[in-house]
1. Restricting to segment 80-106, give me the number of residues that are assigned to a strand (DSSP E or B) and either over 14 Å from GLU188 (Cα atoms) or in contact with a Cys (Cβ under 7 Å, 6 or more places away or on another chain) (or both).
2. Give the residues of segment 46-69 that are over 16 Å from the mean Cα position of the chain (by Cα) and either crowded, with 20+ Cβ neighbours inside 10 Å or not polar (S, T, N, Q) (or both), sorted by residue number.
3. From the list LEU125, LEU150, which one is under 18 Å from the mean Cα position of the chain (by Cα) and either modelled with pLDDT of 90 or more or of a type in the set (Lys, Arg) (or both)?
4. Of the numbered conditions (1) of a type outside the set (Asp, Glu); (2) in contact with a helix residue (DSSP H, G or I) (Cβ under 6 Å, 6 or more places away or on another chain); (3) assigned to a strand (DSSP E or B), ILE4 satisfies every one except a single condition; which is it?
5. When segment 19-45 is examined, which residues are found to be buried (at least 21 other Cβ atoms within 10 Å of the Cβ) and either assigned to a loop (DSSP other than H, G, I, E, B) or of a type in the set (Phe, Trp, Tyr) (or both)?
6. Quick one: in segment 211-245, of everything that is surrounded by 21 or more Cβ atoms within 10 Å (Cβ to Cβ) and more than 18 Å from the chain's Cα centre (by Cα), which residue is nearest to LEU150 (Cα to Cα)?
7. Just one of (1) free of Cβ contacts under 8 Å to residues at least 40 places away in the same chain; (2) crowded, with 22+ Cβ neighbours inside 10 Å; (3) among the polar types (S, T, N, Q) trips up SER117, so point out which.
8. Can you name the residue in segment 52-110 that is of a type in the set (Ser, Thr, Tyr), touching a residue at least 60 places away in the same chain (Cβ under 8 Å) and out of contact with any helix residue (DSSP H, G or I) (no Cβ under 7 Å at 6 or more places or on another chain) and, of all such residues, is nearest to ALA142 (Cα to Cα)?
Amino acid sequence: MLGIIGGTGLTQLANLEITHRQVARTPYGEPSGALTFGRICGQDVIFLARHGYGHTIPPHAVNYRANLWALKDHGVDRVVSVATVGGIHPGLIPGTLTIPDQIIDYTHGRAATYFASDDKPVTHLDFTFPYCEAMRAALLQAAARAGISLREGGVYGAVQGPRLETAAEINRMERDGADMVGMTGMPEAYLARELELCYATVGAVVNYAAGRGLSAEGIHMEEIQSVLGEVMLQVRHLLEQLVTNDAAGLCTY
């Protein structure tokens, strides 16, 4: 079953035919909210709002372990994570969708593994390629079939938040090779790997990163809000096409 984690601007799915909601309990505490069960284009999915359905949980306080555990515990085996990002690469202008293929972790202090207790052995997993290539291919195919233009690949720089970055920090990230900046990419991607979930991210560019383009003199939240609605409409169309392809057997995870 497909799980969808919605970020800023996607606390609900207008194209989701809701069947029921269920409060989930996990060994790692409570997830961000109740799991929303429903159908998109007739296909079963589970939706979870990463920041809570009232968008009240900041990025550093999200219980990433509980979120992913709850999804897997209820039958999810593949996950699409929707995340708003700021564009560092000149080609990532506001309104663009991108499917990153790499990530750099700048976060700190987050619960980043399921193998942290005394009764579990030290476990090292390969994370050379942090996203599921099959899921990325399925998203790219869905975008092509839906006529949605997006940017394939790119490096997601995951920062702590909730504050936005300084121009100097963005300059450093660009030197490191980051193409976009967001606050929720890690440890979510690695936790999905530990749970053996097929996981990929749809990056929705809602602003130029600090010091870039229209953000050269500062980032204005009203400008982000003006982009959010349109870019999330594209995300919904992408998800519709993804589940339609899945039902037709056009992608294998």
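The values are calculated or read from the model by the stated rules, or taken from the named source; none is laboratory data. Quantities reported herein were computed from a predicted structural model and do not represent experimental measurements. Please note: Cβ atoms are built from the backbone with ideal geometry, for glycine as well, and neighbour counts cover all protein chains shown.
1. Step one: list which residues in segment 80-106 are assigned to a strand (DSSP E or B), which gives 80-87, 97-99, 102-105.
This time we only want the ones that are either over 14 Å from GLU188 (Cα atoms) or in contact with a Cys (Cβ under 7 Å, 6 or more places away or on another chain) (or both), so: 84-87, 97-99.
So the answer is 7.
2. Of everything in segment 46-69, just one residue is over 16 Å from the mean Cα position of the chain (by Cα) and either crowded, with 20+ Cβ neighbours inside 10 Å or not polar (S, T, N, Q) (or both), namely GLY54.
3. Result of the check over LEU125, LEU150: LEU150.
4. (2)
5. Residues satisfying the conditions are PRO31, SER32, GLY33.
6. ARG212
7. (2)
8. Among those residues, the one meeting the criterion is THR98.
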